[in-house]
1. Residue under question is Y163, and the condition is that it be in contact with an Asp or Glu (Cβ under 7 Å, 6 or more places away or on another chain), of a type in the set (S, T, Y) and free of Cβ contacts under 8 Å to residues at least 60 places away in the same chain; does it hold?
2. I'm checking my understanding of the structure. Among residues of region 52-104 that are among the charged types (D, E, K, R) and under 28 Å from L182 (Cβ atoms), which one is surrounded by the fewest Cβ atoms within 10 Å (Cβ to Cβ)?
Amino acid sequence: MFLNLAPIALGASSLVLGFMMLTRSSPLGQRAYHLDGQYLVSVRYPGQWHDLRDFVQPASPDVVAIYSQIGPNAWACLDFVCRNISYRSDIGEFWQFPSETLRGAGDCEDSAILTCSLLKNFNDGYVALGNYQGYGHAWCQLNGQILETTYTRARPVPDPENYVTFVLFDEQEVIELWPGALDEVFSLQRNEATKLNLMAEAIGDEVPPECPSCLPFLVAGLATGGILGTGFAMILQRGE
């Protein structure tokens, strides 16, 4: 009888050990943790962990191909991303690699990572993770200047005081502005519609009555209470 129970006991022990190793190497319920000098984040598929630096890819063939057309001009690189990458909010949390974002859509961290990948071919830009008026956000930072990658064209941000940086990273280093800042990034509240509306208000105070390029977003705004559509329409109109 005891011999028959031995495989069961061994199997249960293996499960317990496996669970202990899992919880040690990838803390349950966490999006980010540190291990042997790595800054690991779970922002793609369940069970996958990537170092933050893996996302910035200046040597990616797709990135190099775009950079070869633009050249060493930070403003032109930003403008390319703003004009060619449509904003698409994640369902949950899913970070894209630059080649994926170049298919034409992504959210704030995706466009920031792509922009940084382009910039790193000739300068020291960073992806910045932090908050915008209390909401989780990502942008590029170049020599202390904020590069907002979710606008529809490259332009200076009118309200830099509303951008609070927690973490900076590129393909070589990660800079936490204080211990535990990376963990705090993933505890920030997420509401893309409200955040975009706040950004739109910072750009302008109203949507012109006639704006053909804004029509799809105005229609969406009617369906969602006006917040998402109106916010996007204001960004589009002011960014034309």
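1. For Y163, the condition - in contact with an Asp or Glu (Cβ under 7 Å, 6 or more places away or on another chain), of a type in the set (S, T, Y) and free of Cβ contacts under 8 Å to residues at least 60 places away in the same chain - is not met.
2. That would be R103.
Conditions tested, residue by residue: (1) of a type outside the set (D, E, K, R); (2) in a helix (DSSP H, G or I).
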residue	(1), (2)
V127	yes, no
G136	yes, no
Q141	yes, no
R153	no, no
P156	yes, no
V167	yes, no
E171	no, no
I175	yes, no
E201	no, yes
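Every number in this text was worked out from the coordinates using simple rules, so none of it is lab data. Fair warning: this is a prediction, and the values are worked out from it, not measured in the lab. Cβ atoms come from the backbone with ideal geometry, glycine included; neighbour counts cover every protein chain shown.
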